[in-house]
Number of protein chains: 2
Amino acid sequence: DKDMIDRLLQAWRKAKDVTPRDVAFSLRGASANASLRDKKESIELVWTGPSTSLVPVRHTEQVLCEVIDSAKQQLFIVSFVAYQVDSIISALRRATDRKVQIEVLFENSSEHGGRINHDSASALRQLLSKVNIYSWSSGKQSSKDYLGAVHAKCALADGELAFITSANLTKAAMEINMEAGVLVKGGDLPSRLQDHMNALISTKIIEKI
Amino acid sequence: DKDMIDRLLQAWRKAKDVTPRDVAFSLRGASANASLRDKKESIELVWTGPSTSLVPVRHTEQVLCEVIDSAKQQLFIVSFVAYQVDSIISALRRATDRKVQIEVLFENSSEHGGRINHDSASALRQLLSKVNIYSWSSGKQSSKDYLGAVHAKCALADGELAFITSANLTKAAMEINMEAGVLVKGGDLPSRLQDHMNALISTKIIEKI
């Protein structure tokens, strides 16, 4: 910061016609823009696993609950598996109580041609009868060696907040593993990801089950 | 934008002592700050899986190669598994040729008390003899029910670029699955994550193997 002030003073000395008032106005403009930007977009590091006192990081479960609780109209959750994580299920219940439309995309259970045993979709359906559940099946016939899996993990609220992470909706991911993620508030990214998910629905790449 | 201009004009009309020159200087300050910010931090959405023509997204493998190729001094890669992905291994080879220090944190293979069968560490070690490989073992004795896994997936270059994703270093993650990630350039986040990883090393939570 000192370096920036020195550079400002040096530049000012060269520009003889610039008055103190001019500089004051340009600094106020810069500062107003900075606080507008801060409001517009922020990125936070999110982590599960051993912490060090050296670098504070926000916890996965806390951030996921924040995203769910912030939703006013729409929530889109993509996760590989969804075992019972009570705090998340409670947050989802509060969201349905607020009339938030919840869309979830899970990997199909192995009985339905997917790659995991635990039938996440039906487990969640028992808990939340008002959730729209999607699955990715189209194009899976193309390769006989390996079927693509829904391995993305993200939570989106109203195209305003996007949480993108390595963490599944499991107790281990919330409490025991090392997991890394990013919470993006505002800016273009959350709405782009929301648009992308909506485009996957409108092009029938993912379909309601 | 028109709305913002209207609001500016309205506010100006109320502030009688503000000259056109004052407004010009404040706008130049705001604009200089905006371009400084744009240079400072950017976030991009990264995706593997079916794309729609509606929302362009960057591809996982391409971004991971970009991060590796951008590294000048240090590269930190965290991944659950590391099967052969030729483009990534080639990029890592180029990085070692440039004398970039590469640190990798993998989940231990099951033979070493970890949760996966494929011995990623020794497979990569054969390819890249100069890589520092870390493992997370401390504290794993505490729970007998479930051992925490290194499930985070990220790539960090020089504390400047951070790629945080759901994608492992596998062919499926690069080509077939649905995977979501974020590439962060500049700003605080890449250096914070780098500091966090270094803190995990200095506190011996992860150790060189």
Nm distances between the label at B:Ser202 and the same-position labels in the remaining copies, 7 Å along Cα→Cβ, shortest first? 5.0
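Multiplying the sequence separation of A:Ser129 and A:Ile209 by 0.36 nm and subtracting their Cα-Cα distance, what value in nm do you get?
Details: separation 80, 0.36 × 80 = 28.80 nm, distance 1.27 nm.
Length difference between fully extended and current span is 27.5 nm.
So if each residue of separation counts as 0.36 nm, and I subtract the Cα-Cα distance between A:Ser31 and A:Gln10, what length gain in nm does that give? All intermediate terms of the calculation are to be shown ahead of the outcome.
Numbers: separation 21, 0.36 × 21 = 7.56 nm, distance 2.00 nm.
Computed gain between A:Ser31 and A:Gln10 is 5.6 nm.
Quick note: the coordinates plus some simple rules give every number you see, no bench work behind them. The model shown is predicted, which means the values in this text are computed figures rather than measured ones. Using ideal geometry, Cβ is built from the backbone for each residue, glycine included, and neighbour counts are taken over all protein chains shown.
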